[in-house]
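Here's the structure, in structure tokens; my notes come after.
Nothing in this text is a laboratory measurement; each read-out follows from the coordinates by a stated rule. All values reported here derive from a predicted model rather than from experimental measurement. All Cβ positions, glycine included, derive from the backbone under ideal geometry; neighbour counts span all protein chains shown.
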Amino acid sequence: MINFHSISLPKNPNTTHKWLDFNCSSPLPHKSSKVAQTLGFASEFFCLTGGAAIIKSFTMVPVKWHAPPLGWAKLNTDGSSLGNPGLAGGGGVIRDSSGSWLGGFSRYLGHTTSVQAELRALKDGLILAIDLVIPYLIVEMDSLVAVNLVSSLIHS
């Protein structure tokens, strides 16, 4: 079990800017003013945390892989970046209802954000499922931001 007790921004403004610069990506170009960059970083931070500046506590619950129903397959994907943005990669695996491996993939994605890496891994997994002619597919991924983004596109 992993516990996250608090996440807070550093108190020193110079350290805060460095923290935001390292941990957040911004749609604003890097040549924009520091004020515009900081506002962009703050905007993204509040969007990703649901508007909460400090998360008081969070408890992780151990989970295990559960097989899909008979006749279905399950796609599990993951993407990550070293820094945000940073060097990134993604991959995934597709298994059937007995847990047998049907296909898998991984690839280097270059310099991108963690959310983009998650979405690229999802796209690659869906393409693989189409190539394998899988008619019924359950998708599991660990990025709530990516899941919410895809869900908002489906429901709009």
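Relative to the current alpha-carbon distance between residue 127 and residue 156, full extension at 0.36 nm per residue lengthens the span by 8.2 nm. Taking R0 as 35 Å, what FRET efficiency do you get between residue 70 and residue 148 from their Cβ-Cβ distance, rounded to the nearest 0.05? Once the sixth-power term is evaluated, E becomes 0.70.
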